[in-house]
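Just so you know, all these numbers are worked out from the coordinates, no wet-lab data involved. Bear in mind that the values here come from a model prediction, so they are computed numbers and not experimental data. A quick note on method: Cβ atoms are made from the backbone with ideal geometry, for glycine too, and the neighbour counts reach across all protein chains shown.
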Amino acid sequence: MSASEVTKGVTAYWDARAPHFNCAASHVRAPDVWKEVLSAAFASDGPKDVVDLGTGTGACALAAAALGHRVRACDGSAEMLGVAGEAARKAGLDVQFIRAFIAEAPLEPASTDIVTIRNVLWTLERPAEALEVARRILRPGGRVVVLDGLWSAAPEHRSDYTAELARRLPFHAGLTEADAQHLLENAGFIQVTAWQHLFSSPPYPGGVPAFVLSAIAATGG
Ligand SMILES: C[S@@+](CC[C@H](N)C(=O)[O-])C[C@H]1O[C@@H](n2cnc3c(N)ncnc32)[C@H](O)[C@@H]1O
């Protein structure tokens with residue numbers, strides 16, 4: 001299986017799940033909670049440029065737009081983007097959706113203040129590459145917000161990728177906060193800060209250990 005077959009396999013999986021994804025999505029069930037946590041993690045003093053990588057049905061993109069930010073959001077799955085676009089339209093939110101794989105997304109270097117990556121690192125063959133993209137498109141001192149969890153802890157969150165596909169994903173079982181911190185520091189981010197304590201109850205059913213980390217793009221690296 002080539003790298004491009006892995007990406008295509010992952011995309012086909014999310015295309016197929018798109019029509020039903022929002023039925024169980026935490027950001028649809030509790031949008032205000034996610035908005036509050038993201039708002040804290042953004043620590044912004046006004047409207048900023050935000051890019052959501054692997055936006056899916058728009059979890060972070062819609063929350064960021066509702067907070068008044070200028071949002072671009074990319075995903076490789078046309079079907080997930082279709083659901084996200086419809087949700088933005090219904091909510092009257094202005095989000096620029098871009099169909100592209102993260103590594104190839106037409107996003108200018110140093111063109112954004114904040115990058116969000118929620119529940120995407122676990123499903124990438126090269127998660128470090130997504131953080132390198134984040135680092136490249138952030139302005140100096142910009143902020144990445146990574147949200148993810150140890151999905152294998154709860155049966156209802158385990159993926160049903162084929163074994164061949166799953167083997168290619170280094171974090172197919174999910175990520176711990178320490179895994180994410182390590183990836184962030186290796187990608188040149190500093191000041192890693194956790195925000196998951198702001199959830200008044202576990203954000204996902206099944207007791208999945210989940211985290212929200214912000215970090216700053218170090219200058220000059
Ligand atoms: C588990 S969903 C998360 C969606 C959304 N971020 C959320 O928090 O609900 C993973 C998303 O990542 C997207 N994705 C996976 N690999 C990608 C890649 N290489 N480039 C762009 N999007 C990708 C999938 O299409 C899917 O929409």
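Structural remarks
- Relative contact order (%) - the chain, alpha-carbon pairs under 8 angstrom, separation at least six: 20
- All-pairs alpha carbon distance profile, region 114-197, 5 Å steps from 0, percent: 3, 14, 26, 24, 16, 10, 5, 2, 0
- Within a straight-line Cα-Cα reach of under 19 Å, residue 35 can be paired with the following lysines, leaving aside sequence neighbours fewer than 8 residues apart in one chain: 48, 90.
- Rg to Rh quotient for the chain, alpha carbon positions, Kirkwood Rh: 0.92
- Each peptide in 160-168, 188-196 gets a packing score, the mean of other Cβ atoms within 10 Å over its residues, and the list from highest to lowest is 188-196, 160-168.
- A Cα-only calculation for region 97-157 places Rg and Dmax at 13.0, 40 Å.
- Packing-based order for 105-112, 83-90, using average beta carbon neighbours within 10 Å, highest first: 83-90, 105-112
- Under conditions of 20 °C and 1.002 mPa s, region 169-221 yields 172 µm² s⁻¹ as its translational diffusion coefficient, taking Rh as the Kirkwood radius over Cα pairs in the Stokes-Einstein equation.
- Beta bridges per DSSP with both ends in the chain, % antiparallel, nearest 5: 35
- Candidate lysines for bridging to residue 8, where Cα separation is under 17 Å - those fewer than 8 sequence places away on the same chain excluded: none
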